[in-house]
């Protein structure tokens, strides 16, 4: 129940922060692909959050690609929210403070993610 409530709140945060679920080509963005055991991770919502609490988000498509438009600058933590609440990857990635981070300095940058078991 708690995971469902969090997913709903995260979805609202993306909607309010100008996040996008499409893989558009924006000047200020983080783009990449998420895989687990070599396979694309589909239909996952990504939330990135900076140390000062700013956030942005996006979603993976059918081949695991994502775009996060207008992310905050600085070191970002990533959190993944699976569609339907059940992850096909380790649950640690669904929590804040996991080992996924990226130092975003502006412009269009690529961050490919291979999730570890």
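Quick notes on this structure:
- Approximate shape of segment 35-117 as ellipsoid semi-axes (Cα gyration tensor, √5λ), whole Å, largest first: 20, 14, 12
- Subtracting the Cα-Cα distance of residue 39 and residue 112 from their residue separation scaled by 0.36 nm leaves 25.0 nm.
- Extension gain (nm, one decimal) between residue 52 and residue 96, 0.36 nm per residue minus Cα-Cα: 14.4 nm
Every read-out reported here was derived from the displayed coordinates using simple, explicitly stated rules and does not represent laboratory data. The structure displayed is predicted, hence computed values, not measured ones.
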